[in-house]
1. Give me the dipole magnitude in Debye, nearest 20, for the chain about the Cα centre, with unit charges on the beta carbon: positive for Lys and Arg, negative for Asp and Glu.
2. Tell me the mean residue ellipticity at 222 nm calculated for the chain from its helices only (DSSP H runs of n ≥ 4, each -39500 (n - 2.57), averaged over every residue, nearest 500).
3. Using the basic label-point model (7 angstrom from Cα toward the beta carbon), what is the E285 to R195 distance in nanometres?
4. Mind checking which of V141, V117, H327 is farthest towards the positive end of the chain's charge dipole, using Cβ charges of +1 (Lys, Arg) and -1 (Asp, Glu) about the Cα centre?
5. Does anyone have the angle between helix 296-310 and the longest principal axis of the chain? Alpha-carbon axes, 0 to 90°, nearest 10?
6. Along the charge dipole of region 196-324, Cβ charges K/R +1 and D/E -1, which of P226, A207, L302 sits furthest on the positive end?
7. State, as an integer percentage, the relative contact order of the chain based on alpha-carbon contacts under 8 Å between residues 6 or more apart.
8. For region 44-134, build the convex hull from the C-alpha positions and give me its volume per residue in Å³.
Amino acid sequence: MDEWTRAEAAHIAGRFERDLAALVAVSSPSGDAVAFEECAAIAIALAPEETSVERQPCSSPDHAPDLLLRLEGTGRARLLLVGHLDTVHAHDTHRPLERVGDRWVGSGSVDMKGGVVVALAVLRALAERRADFAEVALLLVADEEWRTAPFAHVDRFAGWNACLCFEAGQLADGEEAVVVKRKAAGTIRVTATGRAAHSGSAPEKGANALLALSAAATAVAAQHDPAGPDRLTAVPTVIRSGDAFNVVPASGELLCDVRGDSLAAIDAVASAVPTEVSGARLHTEQLRRWPPMDSREATAGLLARAAEAAGRSIVAAGRGGASDASHFAPVIALTVDGLGPRGGAAHNPDEHVRVDSVEPRAQIALAMAMAALGA
């Protein structure tokens, strides 16, 4: 292994728990601007002193501005590091970081504050190697977990030499892996407009929005085909309808999470929802459309160079979940994701980072950064 990579990775592992605890201590669900500002302040404090700090408008309205940390050098290459500081955990379920056996357990620890800690450490390490790059930037956004608007940052970084995203790492066949293929992702929203009526004395005079939404959910679920050509998952996740136990519901909303190898497959699911059920009208729209990512071919050489520097195999792998790397891949050919530490139970109360994963994942992140810069 390259000696610089070995030494820096050991340093990252040595302070990782302290840095992660600081970020996880802040409960930062998507949309909480005050919480994001607290996380941003911690990230700035953990960044190199030479870093310039910029705030960019967030893609989502009513969110805090996104955070951009920039280092300028004397070389030629430009490297983008990407992460997010928002989580899915509500304040009343927030869990500060604690060591439980071989795991650090805490809300947002693996998705993705652990990855943010590694990205900040990579930025600090590169601050000592200014001749290797023209610019390195770390973009930390406030809305990755629940963004329905178009992503705002693609044009600014189009044409950069490489993009490294620090979502959680993983194993493939027992070897450390990075993510170079992701599904497209979409959120389908169905709204129902029915007609209220007394559910006891005159239910036939109503048009039941709840039943219409149930039919829509069934239509979406019928498209679920993870073993099919598009590896499609179509899952109704949220339904809201009705205000009183004795009134035929007149309105409601259904949300569905749909993922597949193409956006066309997601469009087909939306098209399968009926427009009317027993007098209740249904309106279908897509709240978000995240593109697929497939940088396997483009990044093969990059992964080989990084593996040599890291002194270990690095497997090119895929993942079903969405990521901001998917937005950058069409405009930055060398886009690699999954550079954070390994863990599990993302979006769950027992979300955690595996202690023994931090140093090897740091080695891979550092080696990947240097390979991307051509150093």
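FYI, it's all coordinate maths here, none of it is from the lab. The structure displayed is predicted, hence computed values, not measured ones. Glycine gets a Cβ as well: all are built from the backbone with ideal geometry, and neighbour counts include every protein chain shown.
1. On the way: 35 positive and 49 negative charges, 96 e Å.
It comes to approximately 460 debye.
2. Details: 9 runs with 110 residues, N = 375.
Roughly -9000 deg cm²/dmol at 222 nm, from the helical runs in the chain.
3. For E285 paired with R195, the spin-label model returns 2.5 nm.
4. Result: H327.
5. For 296-310 against the chain, the angle is about 40 degrees.
6. L302
7. On the way: 964 pairs, mean separation 88.6, N = 375.
Relative CO of the chain lands at 24 percent.
8. Values: hull volume 11.4 nm³, N = 91.
Spelled out: Cα convex hull of region 44-134, divided by residues, is 126 Å³.
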